[in-house]
Amino acid sequence: MSISDPEQPNVSQSWRDWLLTDTPTSRRHARIAALYQGWLSFRGNHMAMFGLFILLALVLIAALAPWIAPHDPFAQDLATRLKPPGTPGYLLGSDGLGRDILSRMIWGARITLYIVALVALVAPIAGLFVGTVAGYAGGWTDRVLMRITDIFLAFPRLVLALAFVAALGAGIENAVLAISLTAWPPYARIARAETLTIRNSDYIHAVRLQGAGPLRIITRHIWPLCISSLVVRVTLDMAGIILAAAGLGFLGLGAQPPTPEWGAMISEGRKFILDFWWVATMPGLAIFTVSLAFNLLGDGLRDVLDPKEGSQ
């Protein structure tokens, strides 16, 4: 390794010293050092690491579902219905149709991640576009877009999602679309606030004097500065999104039977809640655990990406 290479640490300099330096030698070096220092700060938050561990375990379980699920999640056996937890072959018990609850929860993790991923892709992007356009353009464009945003914010999220699903029809895809349509307004408000702060900055005026148009300014100079705030908000919103999806499934408007979706599993187990508590309790605990993990992860990311906000 060449000592004169500014991109890499020399022989007498460790990787850690190179990553923690206060005088980066290039823009790439500065980015890598900032990422490493952010990781060190995040790693020091034990609760955030616990949330990250739970979510990584969830992803691993979902990926390995065909191999680690002890039973077919759709297979019915009335001879083994309503077996209590700890029964040989049924670690978390069985439901009213004799299906293994553990297997259905493992496969349900895939549906939960599918819903979370799609909403996390659709809602923040839509909110980012609306908010930055409103904040940068100002005038009547800002007023019209923000009044539309206020209309969506005026309704409780689950009630509005129910209205959209009722219009679109039941199903996972329609539930995802309905949740996305109700989830974008907060991101639009955040992006607009960031844009109003940034658009009159000196470097934006300098870029404009160099001939950059509004599209280039928004996409190359404003969007990157809004990303960190949106990432934190997305992570903190995941718990609400999971609960909204479970609520739609519980009401029969999300995943349809016999799909092993956690909200639908709770709905199926409510008739047994007094005598066979585990049928509804086990998927409920799964929803609680994953929601808690996203909240812990979001708090940790907020401390790293927005230390001033996290210290309040």
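The values are calculated or read from the model by the stated rules, or taken from the named source; none is laboratory data. Since the structure is predicted, the reported quantities are computational estimates derived from the model, not experimental observations. Don't worry about glycine lacking a Cβ; one is built from the backbone with ideal geometry, like all the others, and counts go over all protein chains shown.
Brief remarks follow.
- R99 satisfies every condition listed in (1) in contact with a His (Cβ under 9 Å, 6 or more places away or on another chain); (2) free of Cβ contacts under 8 Å to residues at least 24 places away in the same chain except (2).
- Test: residue in the stretch 183-200 that is free of Cβ contacts under 8 Å to residues at least 60 places away in the same chain, small (G, A, S), over 18 Å from L305 (Cβ atoms) and assigned by TED's automatic domain parsing to the domain that holds G135: no
- Some residue of the stretch 175-197 being aliphatic (A, V, I, L, M), surrounded by fewer than 18 Cβ atoms within 10 Å (Cβ to Cβ), touching a His at 6+ places or on another chain (Cβ under 7 Å) and in a helix (DSSP H, G or I): no
- Near pairs, Cβ below 8 angstrom, 6+ apart or cross-chain, from the stretch 268-293 (free of Cβ contacts under 8 Å to residues at least 40 places away in the same chain and under 12 Å from M105 (Cα atoms)) to any residue that is among the aliphatic types (A, V, I, L, M) and part of a helix (DSSP H, G or I): A280/M265; A280/I266; G284/I266
- Filtered residue count, the stretch 102-155, keeping only those that are among the basic types (K, R) and more than 24 Å from the chain's Cα centre (by Cα): 2
- The helices (runs of 4 or more DSSP H) found entirely in the stretch 206-294 that carry 1 or more residues being modelled with pLDDT under 85 are 214-217, 223-250.
- Meets criteria (in contact (Cβ under 8 Å) with a residue 60 or more places away in the chain, touching a helix residue (DSSP H, G or I) at 6+ places or on another chain (Cβ under 7 Å) and not in a helix (DSSP H, G or I)) for P85: yes
- Residues of the stretch 59-80 satisfying the condition of being in contact with a strand residue (DSSP E or B) (Cβ under 9 Å, 6 or more places away or on another chain) and at pLDDT 90 or above: A69, P70, H71, D72, P73
- Exactly one residue out of A79, A48 is assigned to a helix (DSSP H, G or I) and in the same structural domain as V290 (by TED's automatic domain parsing), and it is A79.
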